[in-house]
Structure formats: C-alpha cells, structure tokens
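Before any comments, here is the structure.
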Amino acid sequence: LDGERLCSRTYQDGIFEIVRKGIGGFIIFGGRRDELKGFIDEIQSLSKIPLFMASDVEQGVGQQVTGATGFPPQMAMAAAIDRDDPKDVATLGKALQAIADEAMDLGINMPLIPVLDVNRNPDNPIICTRAFSDSPETVAWFGSEYVRALEGAGLICCAKHFPGHGDSCTDSHISLPVINKPFRDLKDTDILPFKEAVNAGVSSIMVGHLSVPAIDPVPATLSKRIITGLLRNELSFDGLILTDALSMDALHDVGNIPAECIKAGVDILLHPADADSTVGELAEALKAGEIDEGQVDTAVDRILRVKMRIRSREKRGVDYRENAVLSSQITDMSITLVKGSPGVLPLKDAGRTCIVFAGDEGYGKASPLRNVSDNDMQVFHIKELEGNNIDGFNTVIFAIFGRIAAWKGSSGIKEEEKGRIKELIKRSKKAIVVSFGSPYVLRHFSEADMLIAAYSVSGQAQRSVVRCLKGEMDFKGRLPVNIEP
C-alpha cells in the first residue's frame, strides 16, 4: 500500500478491488498520517475479515508516515539504554508504548519489528544499525522487551529475519545471501534471539531470503527443513510465519515461488509483485496436487485465529509532540564516544574549525552541523577538497553519512573516500570523525583524535552531536558492537 499514491482515485479503486476479492492484508510504505488513517479505516470497513496492516516501523511509525514520530534505529536504542539501569529500562518502555500508540492510532496492527539479526559482519549492507548488536544475548534481551511491550499493547508484532541475516555481506533485495557457518554457531548466535522471542510470546516471525547450507542449501523461504523442521518443530513456534517481501530479487531464479513457500510451511506471502497472478499460481498448484489442501486450511486457521485479536482502530489521545521529545532524549543518550583525546572538546574557537562532509551525498546543505559555530562555518565536501584547504584550521570534523537502505548494496564508505580522509587526518592538527550511520566505518580511522558514533543520518542525530561537540552535554552512549580493525 503506497501511501504516497492515495491522491489517485484510480490507485484507491485498485486497492478497493483487491479488498473485495479477499486480500489478507497490506504492507504500508509512505503517506501522510491523517490521510492514511482515514483510508485504512475505509478498507477495514470494506473487508469481511479484518485486514493485517503491516509496516516496517523499525524506527517508529515516522519511518514510514509523515506526521508520526521517528525514533532512533535499533542499534542506537541499544547504545542509549543500559539494561542494568531501571531508569533506562523505563525509558525504553515509554518509547515502545509511544510506537505502539502511534501504530494503533493510525490503524497499523502488525508492526514488522523487532529485527533480531545479530550483526556479526561489519560490512553487512542491509542489517547493520537495524540490528541491536553483534551480541546474541543483547539482541535477545532487547528483542524480548520489544515483543512483550508490543504484544502487551494488543499488536501483532513480527520478529525478523529468521534464521538470521546478520552474518551476510549481501543485500537480499539484490541477490541471495549465503550464510556459511556451522549449525552449532547458528544455534548459539543467530537463532538464540528468535528462541527467546518465541518464549516472550511473539505472534509472527518473518523468514529471510537466505541460503543456510548447514541446514538446507535451498533458500530459507522455500525450505521445509528450516520453516517446518526448525522453526515449527524444534522451536515449537505455533504463530504466523511470513515470507520476506516476494518482490525482492533474492529468489528471481526460482520458479513457482508462492507454491514452494506454502509447501515449506509458510502462512503468509508478503508483498508479491502481483496479488492476482499469485492467487492464480496457487490455485493451479492446488489443482495439480502440488500443494496439500490440508496445509492451506491449517495456515488459514492460524491466520483467522490471530485476526480474531484485531480490534477496530481505537480513538486514542496520542501526544505526538511528547513522543518527539522522548525520541530526541533517546538520541541524546545514544551518541557514543568511541575514542577521545584530551583538549579537543568542547570546541573553543569554532571559527577555527571546518567540516568535511563525506559518504552519502545531499546531507551537507542544511545540516545542523553548521550550527557548531555562531559564525559561518567553512564547509567542504570530500570530493571537492584540496589538501591545503584544511591548513590553518585547528580542528577538522569529518562527518560521514551512510544511510542503511534496500537496494543500495553497501553500508560503508567508498575506498577512494576512505583513503582521502586518512590522508587529510594526517594533515589535520586535530581530527574528529563522526559516523552518521554504520559505527563500523570508524574502524578505518583510528589515527583520528576523536571517533564518534551517531548511528543515524537524521537531523535529530546531527543536533545531538552538535550539543556534544559544544560541550552542552556529555557522551552517554555505549558501543553495542565491536569495531576493532
């Protein structure tokens, strides 16, 4: 459900049509809060059976919907929250309640969170800061907190991407990742958080498009050994099993994907490219005896059992302004000093400081980092910078932006830019490197005087870093991953 296209009557009519045909639900991308809220109410009232309204709201509902609150990514949450501090745990509880309240206010009943991948590969292009940590115990703890809070609020939450996408260097939107590790390692590391989520009462689990040869070389989404054998039987999970989006390219070489997924034990086919043709393929497979009718009935029974819990959207008094303040506080708590040298901060003479932007382009023009000084800052982009441009400055701040996004293929920095920054650090009197995105980027710049992890490209994260640089607040975050070279 593309919320940006709701202004088109033709698009709306197409949605109404598949609701009348009996679609099971929608995954929501984009849109404006009030417009989307009204449309969700309308299609729910059209459907004889309540619709699943799912959305990837890993960073709060504001990640998808304009007018809702964006929260820090999961890795920033783990950096901000000390699980041994009751005050921090209470703050996490408030954030999860805020995310739940906004989802319910909008009509989203199936938030596709938490991400339970254990990010063991520093070059993981698609998980990275979407994961809580590289520690299975940390991921399991945070994941269980998310599950209990969201399920307790009456939502159908979804843990993903089983059996674990964290040790991959491939984006499954582009091609099929292969996880080459022994089954014992998989069980102790990648599968552990899912086991704990099942114990915490998670209603649904998403299976990733992954090949895990230690269990089955067939992609997990199509693997009976992984879905029925491991998830259903060994982990005793009786909730809903979803595929990852079938519109992704990881399975593009596989024929008759919908039928193969159902045969493996999947209940819900998420985001096929075309719903009508998918139904046609399943009907043909049933007719040909490729799918057992009893298996379909079991999946439908499981779906209906969960759908009985879906309530009409409650009119809730959600304080979006208060939620935004809470999100900002958690961002402040997450900023992490990875390496510090005495005498660099606070910036005493910001007029003798320059900023060099690197990584993803487009973040420099209106960046809050320009507010490090009351005077106009000298600002450069790494691509247009000559070495002598930085001579004469006491401090050079390298701001590296790296958004974690589908189809992008990387969470790091280009080799050319990496080498250029290393050269410039040598020429600088004092160098500060800030990663707005993957903290693993910092491992390349150990010679800098200061290394700061901010986990996100958001303006909120940039404002928090500015406050730290000015000495208006201390660094409070703890690094949730190991970034040693």
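Please identify the pairs in which a residue from region 174-200 that is farther than 14 Å from Ser211 by Cα and of a type in the set (Phe, Trp, Tyr) has its Cβ atom under 7 Å from the Cβ atom of a residue that is open to solvent by 10 Å² or more (accessible area, probe 1.4 Å) and modelled with pLDDT of 95 or more, counting only partners at least 6 apart or on another chain.
Phe194/Leu235
What number of residues within region 31-58 are touching a Ser or Thr at 6+ places or on another chain (Cβ under 8 Å) and free of Cβ contacts under 8 Å to residues at least 40 places away in the same chain? Let's see the steps before the verdict.
The first filter runs over region 31-58 and keeps only residues touching a Ser or Thr at 6+ places or on another chain (Cβ under 8 Å), leaving 31-33, 44.
Keeping just the survivors that are free of Cβ contacts under 8 Å to residues at least 40 places away in the same chain gives 31-32.
Qualifying residue count, region 31-58: 2.
When the residues of region 411-427 are narrowed to those that are charged (D, E, K, R) and in contact with a His (Cβ under 9 Å, 6 or more places away or on another chain), which ends up surrounded by the most Cβ atoms within 10 Å (Cβ to Cβ)?
Result: Lys418.
Go through (1) surrounded by fewer than 24 Cβ atoms within 10 Å (Cβ to Cβ); (2) touching a Phe, Trp or Tyr at 6+ places or on another chain (Cβ under 7 Å); (3) over 16 Å from Gly143 (Cβ atoms); (4) not polar (S, T, N, Q) for Asp82 and report which single condition fails.
(2)
Could you list all residues from region 150-175 that are of a type in the set (A, V, I, L, M, F, W, C) and open to solvent by less than 10 Å² (accessible area, probe 1.4 Å)?
Correct list: Leu150, Leu155, Ile156, Cys157, Cys158, Ala159, Phe162.
Filter region 34-64 down to the residues that are assigned to a helix (DSSP H, G or I) and closer than 30 Å to Ala78 by Cα, then identify the one that is least open to solvent (accessible area, probe 1.4 Å).
Val61
Pick out the one residue from Lys418, Lys430, Lys470, Lys383 that is within 20 Å of Gln329 (Cβ to Cβ) and of a type in the set (D, E, K, R).
Details: Lys418 fails: within 20 Å of Gln329 (Cβ to Cβ); Lys430 fails: within 20 Å of Gln329 (Cβ to Cβ); Lys383 fails: within 20 Å of Gln329 (Cβ to Cβ).
On inspection, the qualifying residue turns out to be Lys470.
Within region 264-287, is there a residue that is assigned to a loop (DSSP other than H, G, I, E, B), open to solvent by less than 20 Å² (accessible area, probe 1.4 Å) and of a type in the set (D, E, K, R)?
Yes - at least one qualifying residue is present in region 264-287.
Which of the residues spanning region 176-191 are open to solvent by less than 10 Å² (accessible area, probe 1.4 Å) and in a helix (DSSP H, G or I)?
Leu186, Asp190 - these are the residues of region 176-191 that are open to solvent by less than 10 Å² (accessible area, probe 1.4 Å) and in a helix (DSSP H, G or I).
When the residues of region 434-471 are filtered to those that are within 25 Å of Gly62 (Cβ to Cβ) and of a type in the set (D, E, K, R), which remaining residue is least open to solvent (accessible area, probe 1.4 Å)?
Looking at residues that are within 25 Å of Gly62 (Cβ to Cβ) and of a type in the set (D, E, K, R), I get Arg467.
When you look at Ala259, is it out of contact with any Gly (no Cβ under 8 Å at 6 or more places or on another chain), open to solvent by less than 10 Å² (accessible area, probe 1.4 Å) and either of a type in the set (Gly, Ala, Ser) or over 30 Å from Ala283 (Cβ atoms) (or both), yes or no?
Taking the combined requirement at face value, the residue satisfies it.
Scan region 192-219 residue by residue and report those that are crowded, with 23+ Cβ neighbours inside 10 Å and over 22 Å from Leu270 (Cα atoms).
If the condition is that a residue be crowded, with 23+ Cβ neighbours inside 10 Å and over 22 Å from Leu270 (Cα atoms), then Pro193 is the only one that fits.
Can you name the residue in region 192-225 that is assigned to a strand (DSSP E or B) and of a type in the set (Ser, Thr, Tyr) and, of all such residues, is modelled with the lowest pLDDT?
So the residue we want is Ser211.
Looking at (1) outside any loop (DSSP other than H, G, I, E, B); (2) within 20 Å of Ile268 (Cβ to Cβ); (3) open to solvent by 50 Å² or more (accessible area, probe 1.4 Å); (4) of a type outside the set (S, T, N, Q), which is the only condition Lys94 fails?
(2)
Here is a check on your reading of the model: is Val465 in a helix (DSSP H, G or I), modelled with pLDDT of 95 or more and not basic (Lys, Arg)?
yes
Restricting attention to region 65-79, and to residues there that are closer than 30 Å to Ile43 by Cβ and of a type in the set (A, V, I, L, M, F, W, C), which single residue is surrounded by the most Cβ atoms within 10 Å (Cβ to Cβ)?
Selected residue: Phe71.
The rows are residues; the columns are (1) at pLDDT 85 or above; (2) open to solvent by less than 50 Å² (accessible area, probe 1.4 Å); (3) among the hydroxyl-bearing types (Ser, Thr, Tyr).
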position	(1), (2), (3)
Ala350	no, yes, no
Glu361	no, no, no
Pro368	yes, yes, no
Gly387	no, yes, no
Asn394	yes, no, no
Phe398	yes, yes, no
Ala405	no, yes, no
Gly409	no, yes, no
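The values are calculated or read from the model by the stated rules, or taken from the named source; none is laboratory data. Computed from a prediction, not measured in an experiment: that's the story for all the values here. With ideal geometry, Cβ positions are generated from the backbone for all residues, glycine too; neighbour counts draw on all protein chains shown. These accessible areas exclude ligands, DNA and RNA; they are computed on the full protein's heavy atoms, side chains included. Shrake-Rupley method; radii C 1.70, N 1.55, O 1.52, S 1.80 Å.
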